[in-house]
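Here's the structure, in structure tokens; my notes come after.
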Amino acid sequence: MTGRSERPEIRSFEQAIAIARVLMTSGRRRILGIVGAPGAGKSTLAGALVRELGPETALVPMDGFHLAQAELERLGRAERKGAPDTFDAAGYIALLRRLLAAGHGEVVYAPRFSRDLEESIAGAIPVAPEVTLVVTEGNYLLLGEGAWVDVRGLLDEAWFITVPDEDRLERLVARHLAGGKSPAEAYAWAHGSDQRNAELVVATADAADRSVSAGVIAEVHRRVMEDWAP
């Protein structure tokens, strides 16, 4: 891994696709991790990569390992949902290891986080035997503390998305509004708990192999909007 000043930058979606294709031709299953602060565009980029690369790829987000709301309330962590200790990090690591060790013909199932339910759904994502590249995305893939410290060693490559804070916060507020929060609640959450988590995530950027420019995320957003246009 290289330091921040030396880390290669991905400057277009086509470049991202080309790098991912190289990972897919290694002869074994690889895991690509996409990291960034809340609202940076991780799920947007990861989803676009998987759609472009086809059935030999699978998207397995870290968000599937959110602790259940009832458990967060029992632990007194519900108001910090999204912080490192509100996920089952050990479970996520166990899944990554299983994905790498899967035998011939084995389908591995991963959980998916539902924003409608605000809960994780077990066994919702099948990773078929023919998948040669697993794309995983989340905030804490590079975090060097607690159980998270083992994640980095399981990633064949890690990309870190860097976008201006004003763009990221705008997307976060819109996400919270779409999730049913009032404008005041959405603003407070994005600038409060989410921002504290963002500062923690940004501090891990040096552990990435490559950075992804804000222009790539803007390009992918444009493509998504064009696909949805009537």
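The values are calculated or read from the model by the stated rules, or taken from the named source; none is laboratory data. Since we're looking at a predicted model, the values are computed, not measured. When we count neighbours, we look across all protein chains shown, and the Cβ atoms used for this are built from the backbone with ideal geometry, even at glycine.
Leu142 is checked against (1) aliphatic (A, V, I, L, M); (2) assigned to a loop (DSSP other than H, G, I, E, B); (3) touching a helix residue (DSSP H, G or I) at 6+ places or on another chain (Cβ under 6 Å); (4) more than 23 Å from Leu23 (Cα to Cα) and fails just one. What number does that condition carry?
The one condition Leu142 does not meet is (4).
Limited to the range 144-178, what total is found for residues that are among the small types (Gly, Ala, Ser), farther than 26 Å from Arg11 by Cα and modelled with pLDDT of 85 or more?
Counting residues in the range 144-178 that are among the small types (Gly, Ala, Ser), farther than 26 Å from Arg11 by Cα and modelled with pLDDT of 85 or more gives 3.
Each row is one residue, and each column tells you yes or no for (1) touching a strand residue (DSSP E or B) at 6+ places or on another chain (Cβ under 7 Å); (2) under 15 Å from Gly39 (Cα atoms); (3) modelled with pLDDT under 85; (4) part of a loop (DSSP other than H, G, I, E, B).
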residue: Thr136; (1), (2), (3), (4): yes, no, no, no
residue: Gly180; (1), (2), (3), (4): no, no, yes, yes
residue: Ala188; (1), (2), (3), (4): no, yes, yes, no
residue: Asp194; (1), (2), (3), (4): no, yes, yes, no
residue: Arg223; (1), (2), (3), (4): no, no, no, no
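Which of the residues belonging to the range 42-62 are of a type in the set (D, E, K, R) and buried (at least 21 other Cβ atoms within 10 Å of the Cβ)?
The initial filter retains those residues of the range 42-62 that are of a type in the set (D, E, K, R), namely 42, 51-52, 56.
Result: Lys42, single match.
For Ala188, work out the one condition from (1) farther than 22 Å from Val151 by Cα; (2) in contact (Cβ under 8 Å) with a residue 12 or more places away in the chain; (3) surrounded by fewer than 16 Cβ atoms within 10 Å (Cβ to Cβ) it doesn't fulfil.
The number of the failed condition is (2).
Assess whether Leu200 counts as being more than 16 Å from the chain's Cα centre (by Cα), closer than 29 Å to Glu79 by Cα and not aromatic (Phe, Trp, Tyr). It would help to see each step written out before you state the result.
Values: more than 16 Å from the chain's Cα centre (by Cα): no; closer than 29 Å to Glu79 by Cα: yes; not aromatic (Phe, Trp, Tyr): yes.
Considered against the rule, which asks whether it is more than 16 Å from the chain's Cα centre (by Cα), closer than 29 Å to Glu79 by Cα and not aromatic (Phe, Trp, Tyr), Leu200 comes out as no.
Looking only at residues that are aliphatic (A, V, I, L, M) and assigned to a loop (DSSP other than H, G, I, E, B) in the range 153-178, which one is nearest to Arg21 (Cα to Cα)?
First pass over the range 153-178, keeping only residues aliphatic (A, V, I, L, M): 154-155, 158, 161, 163, 169, 172-174, 177-178.
Filter once more, keeping what is assigned to a loop (DSSP other than H, G, I, E, B): 155, 163.
Values: Leu155: 16, Val163: 24 Å.
This residue is Leu155.
Would you be able to say whether some residue in the range 163-178 is over 27 Å from Arg7 (Cα atoms), free of Cβ contacts under 8 Å to residues at least 24 places away in the same chain, small (Gly, Ala, Ser) and crowded, with 16+ Cβ neighbours inside 10 Å?
No, the conditions are met nowhere in the range 163-178.
Could you figure out which of (1) in contact with a Gly (Cβ under 9 Å, 6 or more places away or on another chain); (2) of a type outside the set (Val, Ile, Thr); (3) in a loop (DSSP other than H, G, I, E, B) isn't true of Glu106?
Condition not satisfied by Glu106: (1).
Where residues in the range 92-122 are under 16 Å from the mean Cα position of the chain (by Cα) and within 30 Å of Ala188 (Cα to Cα), which of them is surrounded by the fewest Cβ atoms within 10 Å (Cβ to Cβ)?
First, the residues of the range 92-122 that are under 16 Å from the mean Cα position of the chain (by Cα): 92-93, 95-96, 110-115, 120.
Adding the requirement that they be within 30 Å of Ala188 (Cα to Cα) leaves 92, 111-115, 120.
Numbers: Tyr92: 27, Pro111: 22, Arg112: 16, Phe113: 16, Ser114: 14, Arg115: 11, Ser120: 21.
Within the range 92-122, the match that is surrounded by the fewest Cβ atoms within 10 Å (Cβ to Cβ) is Arg115.
Working carefully through the options Arg74, Arg98, find the one that is without any contact (Cβ under 8 Å) to a residue 40 or more places away in the chain, assigned to a helix (DSSP H, G or I) and more than 27 Å from Lys181 (Cβ to Cβ).
Details: Arg74 fails: more than 27 Å from Lys181 (Cβ to Cβ).
Among Arg74, Arg98, only Arg98 is without any contact (Cβ under 8 Å) to a residue 40 or more places away in the chain, assigned to a helix (DSSP H, G or I) and more than 27 Å from Lys181 (Cβ to Cβ).
Look through the range 27-53, keep the residues that are assigned to a loop (DSSP other than H, G, I, E, B) and under 22 Å from Arg98 (Cα atoms), and return whichever of them is modelled with the lowest pLDDT.
Gly27
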